[in-house]
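Quick one: structure below, then a few questions.
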Amino acid sequence: MRRRASGLQILRLCLIALLSAAALYSQAPPVPTGRIGGTVVTGDNTPVARASVAVQSQPNTGTAPFRASAFTEPDGSFVVPGVPAGGYRICVQVPGSALLNPCTWSTGPPSITTASGQAASLGTIRLETGYLLQVRLLDAGRFLESDEGRVPGAQVQIGVWTPNGLFIPMRIRTRDAASRDLELPVPFGAPFELSIQSGFFDLADENNARVDPVRGARLPLQVPAGTPSTVRAFTVTGRRTETGQP
C-alpha cells in the first residue's frame, strides 16, 4: 500500500509541476514586433501605387527567416507590420510596368535593421525604369491546358539568365486556353539571356525552328536605352512522346 501511495504522490507532484509550467508559459509576454514603412516612387518622383513591397530576412545577419509584404497606397506609401528585430532587405515589384525590382537588378537593394517593438522608416525607395521584356507562348493545340499540373514534367520554363548566373523566371501576365503572355522588366544596356526550355513539350521559335528539348533556347540580348518594347513569340507544337523526336 505504501508503494502505491508513494507512486500516486509522485504522479500528483508531476501533474502539479506540469500545470505550473503551463500557467507560466501562458503568462509570458509576447515578443514585441515593430513595423517598417517608406514610400515608393519612380525616377522622376512620381508615387507608385499598388506596388508589392516585400520585407525579407537579410542573409548572413543572424536574423530568423521572415517574410511579409504589403501594397503601396495611392501616394506610394506603405507599412509592413509585425516585423521582429533584425536585418532585412526590401524588394519591390510593380506588375505590368517596366520598373525594376531592386532585389533582382541592384547590387545593393534597400536594407534596414529594426529594433524590438519599434517603427523604422526606409524613407524613399526610388525605382529605375528598364525595358519590359515580353514573351507570348502560343498553344493552339491546348497542350498546356491539358497536361500542365496533371502530368509530371509537363511544363515550359521561360526566364532570364543574368551575367552572374542567376535565373529569373518571367511572370505570367495573362493567359487563356490557347496562349499566355509573360513579362519581366530588365535593365537597359545590361547583357542577359532569354531562356525557354521544356523536356516534355516540343517548342518552336519565331522562325518555326525547333527548340532543343535538352538545352532549350538561350538568346543573348542587350537592349539599348530607349528601345520600344516588342513581343517575342514561341509556340507549343506538340508533346515529345507524340512527335517521336529525341
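Quick check on the stretch 140-156. Is at least one of its residues in a strand (DSSP E or B), assigned by TED's automatic domain parsing to the domain that holds G199 and surrounded by 13 or more Cβ atoms within 10 Å (Cβ to Cβ)? Working first, answer last.
Taking the stretch 140-156 first, the residues in a strand (DSSP E or B) are none.
No: the stretch 140-156 contains no residue that is in a strand (DSSP E or B), assigned by TED's automatic domain parsing to the domain that holds G199 and surrounded by 13 or more Cβ atoms within 10 Å (Cβ to Cβ).
Could you please find all residues in the stretch 100-124 being within 21 Å of F66 (Cα to Cα), among the hydrophobic types (A, V, I, L, M, F, W, C), outside any loop (DSSP other than H, G, I, E, B) and out of contact with any Cys (no Cβ under 8 Å at 6 or more places or on another chain)?
I112, A119, A120, L122, listed by residue number.
So which residues in the stretch 78-87 are over 16 Å from S121 (Cβ atoms) and surrounded by fewer than 16 Cβ atoms within 10 Å (Cβ to Cβ)? First the steps, then the outcome.
Residues of the stretch 78-87 that are over 16 Å from S121 (Cβ atoms), as a first pass: 82, 84, 86.
Result: G82, single match.
Residue-wise test of (1) surrounded by fewer than 18 Cβ atoms within 10 Å (Cβ to Cβ); (2) in contact with a Gly (Cβ under 8 Å, 6 or more places away or on another chain); (3) not assigned by TED's automatic domain parsing to the domain that holds M170.
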site: V48; (1), (2), (3): no, yes, yes
site: A54; (1), (2), (3): yes, no, yes
site: P59; (1), (2), (3): yes, no, yes
site: E73; (1), (2), (3): yes, no, yes
site: G76; (1), (2), (3): no, no, yes
site: R89; (1), (2), (3): no, no, yes
site: G96; (1), (2), (3): yes, no, yes
site: P109; (1), (2), (3): yes, no, yes
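A further question follows. Starting from residues that are in contact with a helix residue (DSSP H, G or I) (Cβ under 8 Å, 6 or more places away or on another chain) and either hydrophobic (A, V, I, L, M, F, W, C) or closer than 16 Å to E148 by Cβ (or both), keep the ones in the stretch 179-212 and report whichever is modelled with the lowest pLDDT.
G199
Between G159, G199, G165, which is closer than 26 Å to R239 by Cβ, in the same structural domain as R232 (by TED's automatic domain parsing) and within 19 Å of the chain's Cα centre (by Cα)?
G159
Residues that are at pLDDT below 95, among the acidic types (D, E) and in contact with a Leu (Cβ under 7 Å, 6 or more places away or on another chain): list the strands (runs of 3 or more DSSP E) wholly contained in the stretch 24-76 that include at least 3 such residues. Walk me through it before giving the result.
On the way: elements: 34-42, 52-57, 67-71.
Of the strands (runs of 3 or more DSSP E) lying wholly inside the stretch 24-76, none has at least 3 residues that are at pLDDT below 95, among the acidic types (D, E) and in contact with a Leu (Cβ under 7 Å, 6 or more places away or on another chain).
From the residues in the stretch 213-226 that are surrounded by 11 or more Cβ atoms within 10 Å (Cβ to Cβ) and in a loop (DSSP other than H, G, I, E, B), which one is modelled with the lowest pLDDT?
We begin by selecting, within the stretch 213-226, every residue surrounded by 11 or more Cβ atoms within 10 Å (Cβ to Cβ); these are 213, 216-219, 221-223.
Restricting the remaining residues to those that are in a loop (DSSP other than H, G, I, E, B) gives 213, 216, 222-223.
On the way: P213: 86, G216: 94, Q222: 96, V223: 96.
Per the stated criteria, the residue is P213.
Regarding the stretch 128-136, can at least one residue be identified that is basic (K, R) and either crowded, with 19+ Cβ neighbours inside 10 Å or not in a strand (DSSP E or B) (or both)?
Taking the stretch 128-136 as the starting set, the residues that turn out to be basic (K, R) are 136.
Filter once more, so that each one left must be either crowded, with 19+ Cβ neighbours inside 10 Å or not in a strand (DSSP E or B) (or both): none.
Taking every residue of the stretch 128-136 in turn, none turns out to be basic (K, R) and either crowded, with 19+ Cβ neighbours inside 10 Å or not in a strand (DSSP E or B) (or both).
The values are calculated or read from the model by the stated rules, or taken from the named source; none is laboratory data. Remember, it's a predicted structure, so these values are computed and weren't measured experimentally. So basically every Cβ, Gly included, is an ideal-geometry build from the backbone, and we count neighbours across all protein chains shown.
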